Amino acid sequence: MLSTLNEAQQIAAKHIDGPLLILAGAGSGKTKTITTRLAYLISIGIDPSSILTLTFTNKAATEMRNRAFALISDISSPPLLATFHKFGLLFLKLNIDKLGRKNNFVIIDTDDKKKILKTIDKEITTSILASEISKFKNSLMSIEDAKQSSPDQYYTRLADIYEKYQNYLEENNLVDFDDLLLLTYHILDKFPELAKQTSQRYQYIMVDEYQDTNELQYKLLQKLCTTHKNLCVVGDDDQSIYGWRGATIKNILNFENNFENTKVIKLENNYRSTNKILQHANLLIEHNRDRIGKKLIGTRSEGNPIRLYESSDENEETRKIADDIKTLISQGVNPSQIAILFRVNALSRALEEGFNKARINYKLIGGMKFYERAEIKDLIAYFRVITNKNDNFSFKRIINKPKRGIGNATIQKVELEAHKEKTSIFSLIELYTPEQLASIVGKKNARTLKVFMASINDLQDTLQEAKMRFIDMFEETFDFKQSFEKAIDGADRIANIDEFYGYVRDFFMQNIDLNLEDFLNEISLESAQDEIEGGSVSMMSIHASKGLEYEHLFVIGLEEGFFPIVGDGSDLEEERRLGYVAFTRAKDQLTLSFVHSRFYKGRRTQLVKSQFLTESGLVKGSLSISKSTAFKKDDMVKHKIFGTGRVISATKAGKEFKLKINFNGTKRDILSNFVEKI
């Protein structure tokens, strides 16, 4: 199994004990190396059940599992390959009782989270609240910490909302995605003996895409390494592009410092792109300071030069790309091997219009996701209540879907009564006689609630006795599809429902021993990229393209303000890493495009071409960020908060420099990794 690896890959695959950092450049055979290492460990007699491999997507976990198992013929007990969140789910199912909670908790998604937050605070935008609470959790900030560290009234209010939100989750036995990891960490931190046992169980830990980990994931890994340091992480600091959602590049940059005696192996041979593409990608990323340092080495042909398209506006840009794509398809190129990337999602508008006119079949990756559609979320809520009748949140979503005359006032009355009785809404309906219910909500509503309760109980029985009949029974009971027949978009919604029903049936057929609760947990862990398949030309953001590759790639919007995004708290180094990721998605032909004018903040605006075109050596330009890591007196530097300043003095401080900088008369001491030299 080692014979197909290059020298660096072999060294990585044969490493057994101690911390290992595999710095894997784009297209350098990262997955092949880590799956071979997994197979190698098993082949030399290490117990497969003592190996834990953590990924970020189900797709990655499945691919690694299939490739590793293909290398070894006999596995007594398979190793655990899972996403971080799936691992958290499995751990909490066994151990959440240590926090005084029951293990029949329900995982809520982002949309559920926003709905809960809207009931707590109607003034602050729910997406902002959801993001801030996620930041609190992923930085291990407790409610008490959030309250004490609030710098102003706004953050004090956020801390209060955080407390109410968390109380709601606990009262209803709900967990959000962040809780899957946060609660796991809290249990391991609170119970050292359990942390020791868990660490002893998983003697060898591997982490894929380590550059995308956040503070919480790093702390969790430390707990899992309580009794050993056999941690192998694979990643690329040059592809760390998720800082906006909490990932910290410092985890991979500081890995050697955080885990003593780390072995570092660089995978630099690129098997994906032509030399011309790699040459310009290397030139671009070398302008970044926050990186360990490596250089992609081509193993293919020199290839065609990168094409640069200059257009007057977005319509001309689209016409050029559409003409190219039609030519490629006429020459026999599979449309699934063609993609268009953009930094800003709004740029897809002109592309979509142009492609429709040109009759080019395309798919927009990152639109409305299947499980976020209202009718599908309603079905999931139904199934949650059927598997857990105490799920008040889901109960309230579906009690009047399809409409059965139960309004908000009725729901509030029943919920208030259930709160008094210290029970769930469903249990109250079961507990109370029709007369008792009628005294609260009236005879008609009481009868409706009792019928609904009986229907749910019947469906629970069906699941126990003949789960393959469950979907038919569900539809017969509630006429769910029929309720959409007269809707304007009814046909589309019914098609979505049929797709979902088919998926449930298929899940039951493929997993005889699993139940509806397992299905709900599985789809809660689905990610957008798991749905990506071939078939048509793809359009997507650069973020969505991570991990993918195409023979023919177009990157549009290479103008200042669009790519890189400037101002508004943007991080130029992360923008540059996005550029590097975009370039290295291309296998054979890369086309970069910029325009002179585009709609910007609602107005037609004249634009300047991206500095990345200069930095990558594709066009000549005067401004560039210095590649030198040294600083000296009188250097001009730029800080994202304090602006432009001049270095007064520079002293070496480990790998960095401690700088005294004059920012327009204000002198500050700043570490060099927080500024860029101009």
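The values are calculated or read from the model by the stated rules, or taken from the named source; none is laboratory data. As the structure is a computational prediction, the values presented were derived from the model and not from experiment. FYI the Cβ positions are ideal-geometry reconstructions off the backbone, even for glycines, and counts take in every protein chain you see. We work out accessible area using only protein heavy atoms, side chains counted, and drop any ligands, DNA or RNA first. Shrake-Rupley method; radii C 1.70, N 1.55, O 1.52, S 1.80 Å.
Details
- Checklist (1) under 27 Å from E676 (Cα atoms); (2) more than 26 Å from the chain's Cα centre (by Cα) applied to F255, failing item: (2)
- Candidates D145, D152, D160 - the one that is within 29 Å of D212 (Cβ to Cβ) and more than 25 Å from the chain's Cα centre (by Cα): D145
- Residue in the stretch 234-256 that is closer than 17 Å to T53 by Cβ and in contact with a Cys (Cβ under 9 Å, 6 or more places away or on another chain) present: no
- Residues in the stretch 218-242 that are part of a helix (DSSP H, G or I), touching a helix residue (DSSP H, G or I) at 6+ places or on another chain (Cβ under 8 Å) and open to solvent by less than 10 Å² (accessible area, probe 1.4 Å): 4 in all.
- Top-ranked residue of the stretch 402-442 - restricted to ones that are open to solvent by 70 Å² or more (accessible area, probe 1.4 Å) and assigned to a loop (DSSP other than H, G, I, E, B), ranked as nearest to L379 (Cα to Cα): K403
- Taken together, the residues in the stretch 378-406 that are among the hydrophobic types (A, V, I, L, M, F, W, C) and touching a strand residue (DSSP E or B) at 6+ places or on another chain (Cβ under 8 Å) amount to 1.
- Single match in G298, G303 (criterion: over 29 Å from the mean Cα position of the chain (by Cα), at positive phi and not basic (K, R)): G303
- Residue in the stretch 30-49 that is among the small types (G, A, S) and touching a strand residue (DSSP E or B) at 6+ places or on another chain (Cβ under 6 Å) present: no
- Count of the stretch 348-384 residues which are under 29 Å from K113 (Cβ atoms) and modelled with pLDDT of 85 or more: 12
- Residue identified as more than 19 Å from F383 (Cα to Cα), open to solvent by less than 60 Å² (accessible area, probe 1.4 Å) and among the aliphatic types (A, V, I, L, M) among A446, A466: A446
- Residues located in the stretch 543-558, provided they are open to solvent by less than 10 Å² (accessible area, probe 1.4 Å) and at pLDDT 95 or above: L553, F554, V555, I556, G557, L558
- Flag for R245 being at pLDDT below 95, basic (K, R), open to solvent by less than 50 Å² (accessible area, probe 1.4 Å) and within 30 Å of K135 (Cβ to Cβ): no
- Residues that are surrounded by 17 or more Cβ atoms within 10 Å (Cβ to Cβ) and modelled with pLDDT of 85 or more within the stretch 508-529 comprise F508, L516, F519, L520, N521, listed in sequence order.
- Residues of the stretch 367-399 that are surrounded by fewer than 16 Cβ atoms within 10 Å (Cβ to Cβ) and in a loop (DSSP other than H, G, I, E, B): G367, M368, K369.
- Complete set of residues in the stretch 71-103 that are open to solvent by less than 60 Å² (accessible area, probe 1.4 Å) and not aliphatic (A, V, I, L, M): S77, P79, T83, F84, H85, K86, F87, G88, F91, K93, N95, R101
- Count - residues of the stretch 16-30 that are open to solvent by less than 30 Å² (accessible area, probe 1.4 Å) and on the phi < 0 side of the Ramachandran plot: 9
- Only one entry of F342, F355 meets the criterion of being closer than 28 Å to L278 by Cβ, of a type outside the set (D, E) and crowded, with 20+ Cβ neighbours inside 10 Å, and that entry is F342.
- Of residues in the stretch 447-486 being assigned to a helix (DSSP H, G or I) and among the aromatic types (F, W, Y), the one nearest to F395 (Cα to Cα): F452
- So G332, is it open to solvent by less than 50 Å² (accessible area, probe 1.4 Å), without any contact (Cβ under 8 Å) to a residue 12 or more places away in the chain and on the phi > 0 side of the Ramachandran plot: no
- The residue that is farthest from S150 (Cα to Cα), among those in the stretch 115-134 that are surrounded by fewer than 16 Cβ atoms within 10 Å (Cβ to Cβ) and of a type outside the set (V, I, T), is K115.
- Which listed residue, of A39, A61, A12, A68, is within 20 Å of N270 (Cα to Cα), surrounded by 19 or more Cβ atoms within 10 Å (Cβ to Cβ) and small (G, A, S): A12
- Check on L54, part of a strand (DSSP E or B) and either of a type in the set (D, E, K, R) or open to solvent by less than 50 Å² (accessible area, probe 1.4 Å) (or both): yes
- Tally, over the stretch 666-678, of residues that are in contact with a Gly (Cβ under 9 Å, 6 or more places away or on another chain) and open to solvent by less than 60 Å² (accessible area, probe 1.4 Å): 2
- The stretch 109-134 residues that are within 15 Å of I380 (Cβ to Cβ), paired with ones that are of a type in the set (D, E) and open to solvent by less than 30 Å² (accessible area, probe 1.4 Å) (beta carbon under 6 Å, 6 or more apart): K113/D176
- Scanning the stretch 98-121 for residues that are over 20 Å from L183 (Cβ atoms) and assigned to a helix (DSSP H, G or I) gives D111, K114, K115, K118, T119, I120.
- Failed condition for K196, given (1) part of a loop (DSSP other than H, G, I, E, B); (2) farther than 30 Å from I306 by Cα: (1)
- Of the residues making up the stretch 135-177, those that are open to solvent by 20 Å² or more (accessible area, probe 1.4 Å), within 19 Å of G100 (Cα to Cα) and free of Cβ contacts under 8 Å to residues at least 40 places away in the same chain are S142, I143, E163, N167, E171.
- Test: residue in the stretch 235-253 that is without any contact (Cβ under 8 Å) to a residue 60 or more places away in the chain and closer than 25 Å to L41 by Cα: no
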